[in-house]
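**Q** Sharing a structure below in structure tokens format, with a few things to ask.
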Amino acid sequence: MQKCCKRSAWIAAIVFVLIACTACTAPTGQQKPRLVLFVGVDVSGSFRGTGYYNDAIAFLSHYIYGHLNELGGLNKLRALFVGSIGGTNADEPKAFHPIHDLEEKNIAQIEEELRKWFPPEDIITDFNAFFEEIARLTKDRNLTLAPISIVIVTDGVPALGTREDEGAYEKIKLDPLEYLSRRVTVRLTYLEPKVAQHWREDVHSRRVRIWTVAGEVMVGWRAQMEPSVELAQQEKLWKWVKDNIDFRVRARRF
């Protein structure tokens, strides 16, 4: 009887220690799922003509660096791919640079790589080919369980359309993205207000969330930077990014 009691006490002590250790190592709050980030760079003549191209590349270098280093509470990345949404022909296959090409680089080095990878030579902007390649990469890399954010610097004008050709926006196909993940958000930046309206109203989607930011708003990111302050402490900048770019968009209701 005494031996049985001692054995029970010993087991109880072990269980107590295990529970205590689990409590110490368990996260205090619910952990956010790591983000899959696709970045699209528009190097078409129409975007260069807006005057926003150089500002957009500079912004992207800060944005990518911030996410790679989780500055200001930006989401940790599970994967990152950077590609062009332009080309010389419609339906041209896209090459995406993976996260490994930008890790361990500072902002200046990231900007240098972006300018090297995407010289401003493309004739057209082909959103459909870009979205199809995202879908292929996501499936091939088995990334369908993570939230997907697609951030594009662009004037938003479709490949063969003009700002006055309203029917061109209806030809933009988000179908390849619809069921890739529980949450897929397309974030278009540097748009004119009228073009942004077309994306919100004329581009059909069922589950994909669309978020647009006007060019005149985007250029305000520089004003958020405080002189002589390390990037990790640039709280105003990273809050501006979260509030204006990484905003959690609600699903459309029909």
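The values are calculated or read from the model by the stated rules, or taken from the named source; none is laboratory data. These numbers were taken from a predicted model, which means no experiment stands behind them. Methodologically, a virtual Cβ is constructed for each residue, glycine included, from the backbone with ideal geometry; neighbour enumeration extends over all protein chains shown.
**Q** Could you tell me whether segment 141-160 includes any residue that is out of contact with any Ser or Thr (no Cβ under 9 Å at 6 or more places or on another chain) and of a type in the set (S, T, N, Q)?
**A** Yes: segment 141-160 contains one or more residues that are out of contact with any Ser or Thr (no Cβ under 9 Å at 6 or more places or on another chain) and of a type in the set (S, T, N, Q).
**Q** Are any residues in segment 171-210 among the small types (Gly, Ala, Ser) and touching a strand residue (DSSP E or B) at 6+ places or on another chain (Cβ under 6 Å), and if so, which ones?
**A** The answer is 181, 196.
**Q** Enumerate the pairs (first residue in segment 84-107 and within 25 Å of residue 155 (Cα to Cα) and among the hydroxyl-bearing types (Ser, Thr, Tyr); second residue anywhere and at pLDDT 70 or above and in a loop (DSSP other than H, G, I, E, B)) with beta-carbon separation below 6 Å, excluding pairs fewer than 6 apart on the same chain, so at least 6 apart or on different chains.
**A** Matching pairs, first to second residue: 84/118.
**Q** To continue, here is another question. Among the candidates 114, 60, 37, which residue alone is at pLDDT 95 or above, of a type outside the set (Ser, Thr, Tyr), closer than 24 Å to residue 215 by Cα and part of a strand (DSSP E or B)? Even if it seems obvious, please write down each step before you answer.
**A** Details: 114 fails: part of a strand (DSSP E or B); 60 fails: part of a strand (DSSP E or B).
The unique qualifying residue is 37.
**Q** Follow-up question, since we're still on this one. Take residue 226 and tell me if it is without any contact (Cβ under 8 Å) to a residue 24 or more places away in the chain, in a helix (DSSP H, G or I) and at negative phi.
**A** no
**Q** Would you point out the residue of segment 67-80, among those that are out of contact with any helix residue (DSSP H, G or I) (no Cβ under 6 Å at 6 or more places or on another chain) and crowded, with 19+ Cβ neighbours inside 10 Å, that is nearest to residue 191 (Cα to Cα)?
**A** Taking the candidates together, the pick is 67.
**Q** Let me ask something additional. Taking the condition surrounded by 13 or more Cβ atoms within 10 Å (Cβ to Cβ), modelled with pLDDT of 95 or more, closer than 24 Å to residue 54 by Cα and in contact with a Lys or Arg (Cβ under 6 Å, 6 or more places away or on another chain), does residue 224 pass?
**A** yes
Condition check ((1) part of a helix (DSSP H, G or I); (2) among the β-branched types (Val, Ile, Thr); (3) over 28 Å from residue 58 (Cα atoms)) across all residues:
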residue	(1), (2), (3)
181	no, no, yes
200	yes, no, no
206	no, no, yes
219	yes, yes, no
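**Q** Could you check segment 59-73 and list, in sequence order, the residues that are of a type in the set (A, V, I, L, M, F, W, C) and more than 11 Å from the chain's Cα centre (by Cα)? Steps first, please.
**A** Kept after step one, since they are of a type in the set (A, V, I, L, M, F, W, C), are these residues of segment 59-73: 59-60, 64, 68, 71.
59, 68, 71 - these are the residues of segment 59-73 that are of a type in the set (A, V, I, L, M, F, W, C) and more than 11 Å from the chain's Cα centre (by Cα).
**Q** Of the residues that sit in segment 130-161 and are of a type in the set (Gly, Ala, Ser) and closer than 17 Å to residue 172 by Cβ, which one is farthest from the chain's Cα centre (by Cα)?
**A** So, considering only residues that are of a type in the set (Gly, Ala, Ser) and closer than 17 Å to residue 172 by Cβ, the one farthest from the chain's Cα centre (by Cα) is 161.
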